[in-house]
Every structure is written in C-alpha cells, then in structure tokens.
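Some notes on the structure that comes next.
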Amino acid sequence: MSKLSKTNREKLRFISTATVATFLFKKGLKNQFIQNVVPLKKGRPTMVGDAFTLRYIPAREDLNTITVFKDPDHPQRVAVETCPEGAVLVIDSRKNARAASAGSILATRLMKRGVAGIVTDGGFRDSAEIADLDFSAYHNSPSAPTNLTLHQAIAINEPIGCGDVAVFPKDIILGDDDGVMVIPAHLIDEVVQECSKMTLYEEFVMEQVQNGKTIVGLYPLTDDAIGNQFEIWKKSR
C-alpha cells in the first residue's frame with residue numbers, strides 16, 4: 001500500500017526539490033538527488049508519486065532480439081501495463097543514454113493509465129513527442145536507438161540505482177525543473193510537515209530580500225526580532 005496520502009501528495013506539489021534536499025541533508029541523507037537527469041519540458045507541474053521500478057542490465061545479443069517484444073510477459077511491457085495509477089516509473093538504465101529507455105508510445109500509454117511520470121538515468125527516443133505530452137518525464141539526453149541494442153529489461157519493482165541514487169519501491173519521487181529527489185517512504189510525513197514550514201519561511205525571506213533586506217539574521221533565521229516579524233507576517237496571510 002502507498003505511503004503517500006492524498007493530503008501529502010497535494011502538499012508536496014508546493015514544495016521544491018531544493019527544500020527537500022536541504023531537509024534530508026539535515027537528517028544525514030546527502031545522496032537523494034538523481035544525478036544528470038533533467039525534465040524533457042520545464043515549467044510543468046511538480047511530479048509526485050510512489051516509485052515503481054524497472055531494472056535494465058547490459059543486453060546480450062542472443063537474448064535481446066527484436067522478437068522479444070512479442071512476448072506479453074516482457075518486463076518492459078509488463079512494467080508499463082502494471083505501474084500503478086499515481087506512481088512514477090523509475091528506470092535503472094545504468095546511466096547509459098546510448099540507447100533509449102523507452103519512447104513516446106510507452107510514455108503515452110503510461111499517461112493514459114494515470115501514471116504520474118517517468119524517470120530514467122538513460123535517454124528517451126521520440127523525446128520531442130514525449131515533451132509535448134501532458135506527462136512528466138525526466139532523462140539524461142535524447143537517444144534514437146531502441147533499448148534492445150544496449151538494455152535488457154530484467155526485473156520489476158525491486159531496489160535499483162538511478163543516477164547514483166538508491167531507489168526502493170514505494171519511495172516517494174518528487175520532480176521539478178531542477179530535477180528529481182528520492183524521499184525514503186518512512187520519512188514522508190516528517191518531510192511534508194517540515195518542508196511545508198520551510199517553504200513558507202522561504203517565501204517570507206524572498207519578500208524581505210526583494211524589499212532590500214540583508215540576509216544576515218534572516219537566512220538562516222538567527223535574529224529573534226525577525227522571527228517575531230515572521231510570526232506577524234504569517235498571521236496576515
């Protein structure tokens with residue numbers, strides 16, 4: 001069962017990956033940002049969902065011919081058809097973008113099934129078409145060759161590595177224009193509670209800075225007088 005309640009899902013949509021990264025750093029977690037992965041299209045709503053994983057290994061030519069796609073039990077196809085509504089399909093492509101992890105047809109199918117997004121540390125083919133979908137997608141770089149040339153889908157919904165980050169099924173995936181954070185599922189309530197507070201304070205800070213205030217004592221908050229101003233500011237909202 002998902003660790004992500006409807007309330008937490010909605011609150012996370014207003015929290016940045018940067019804020020989550022800072023909070024997780026305070027908790028001692030320094031490696032939760034998937035490296036070298038970017039959104040195909042910036043400016044989209046924040047992506048939020050449980051991790052549903054797919055793992056690739058290096059392709060072996062005698063086992064990875066074009067005919068394997070005729071098999072309805074092929075792991076890539078099964079992942080696309082079973083990734084739960086509201087989840088994010090996270091693909092371990094071994095940081096290898098020389099062949100596509102998926103293309104626009106599979107991305108469209110995920111979108112139509114209500115999946116929240118797709119992430120790979122490899123690349124997508126048909127990247128312009130995927131970018132035009134009403135669907136969140138993150139990758140390293142575009143790649144035209146079919147995944148079969150380099151990747152063999154081998155396992156579904158088990159722990160993987162994606163962009164040098166450990167991703168466990170049911171971890172919470174948060175994606176915005178900066179990239180993708182992986183939030184350990186057992187921390188989600190604390191993350192939402194504390195990061196919501198941090199986001200509100202950062203809004204106050206930005207307003208103060210735009211009005212010419214110094215960051216000394218303000219960011220981070222070390223001045224009691226500014227803390228009192230913040231409390232008054234909150235009540236006025």
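The values are calculated or read from the model by the stated rules, or taken from the named source; none is laboratory data. Fair warning: this is a prediction, and the values are worked out from it, not measured in the lab. Cβ sites come from the backbone with ideal geometry, for glycine too, and all protein chains shown count toward neighbours. Note: areas computed on protein heavy atoms with side chains; ligands, DNA, RNA excluded. Shrake-Rupley method; radii C 1.70, N 1.55, O 1.52, S 1.80 Å.
Observations, loosely collected:
- Residue check for ASP134: open to solvent by 20 Å² or more (accessible area, probe 1.4 Å), at pLDDT 95 or above and farther than 15 Å from GLY179 by Cα: yes
- As a summary of the residue check, PRO45 satisfies the conditions (1) surrounded by fewer than 14 Cβ atoms within 10 Å (Cβ to Cβ); (2) farther than 21 Å from ASN140 by Cα except for the one numbered (2).
- Identity of the residue in region 1-23, more than 15 Å from the chain's Cα centre (by Cα) and among the hydrophobic types (A, V, I, L, M, F, W, C), that ends up least open to solvent (accessible area, probe 1.4 Å): PHE23
- Figure legend. Inter-residue proximity from region 9-20: first residues under 14 Å from ILE172 (Cα atoms) and of a type outside the set (Ser, Thr, Tyr), second residues open to solvent by less than 10 Å² (accessible area, probe 1.4 Å) and not in a helix (DSSP H, G or I), beta-carbon distance below 7 Å, spacing 6+ or different chains. Indicated pairs: ARG9/VAL48; LEU12/VAL48; LEU12/LEU174; ARG13/VAL48; VAL20/LEU174; VAL20/MET181; VAL20/ILE183.
- Pick from region 48-73, criterion of a type in the set (S, T, N, Q) and open to solvent by less than 30 Å² (accessible area, probe 1.4 Å), ranking: nearest to ARG94 (Cα to Cα): THR53
- Restricted to helices (runs of 4 or more DSSP H) entirely inside region 1-107, those with at least 1 residues that are more than 16 Å from ILE118 (Cα to Cα) are 6-12, 17-26.
- Taken over region 202-221, the residue count meeting the criterion of being assigned to a helix (DSSP H, G or I) and open to solvent by less than 30 Å² (accessible area, probe 1.4 Å) is 3.
- Residue that is among the acidic types (Asp, Glu), exposed (fewer than 15 other Cβ atoms within 10 Å of the Cβ) and in contact (Cβ under 8 Å) with a residue 24 or more places away in the chain, where the choices are ASP224, ASP171, ASP189: ASP189
- Neighbours by Cβ (under 6 Å, 6+ apart or cross-chain): first from region 89-102, in contact (Cβ under 8 Å) with a residue 12 or more places away in the chain and under 11 Å from THR146 (Cβ atoms); second open to solvent by 20 Å² or more (accessible area, probe 1.4 Å) and among the polar types (S, T, N, Q): ALA99/THR149
- Filtered residues of region 140-161 (kept if open to solvent by less than 30 Å² (accessible area, probe 1.4 Å) and without any contact (Cβ under 8 Å) to a residue 60 or more places away in the chain): SER143
- Output for region 29-86, where each listed residue is out of contact with any helix residue (DSSP H, G or I) (no Cβ under 9 Å at 6 or more places or on another chain), within 22 Å of ALA131 (Cβ to Cβ) and of a type in the set (Lys, Arg): LYS42, ARG44
- Residue among GLY161, GLY179, GLY227 that alone is modelled with pLDDT of 95 or more, of a type in the set (Gly, Ala, Ser) and more than 15 Å from the chain's Cα centre (by Cα): GLY227
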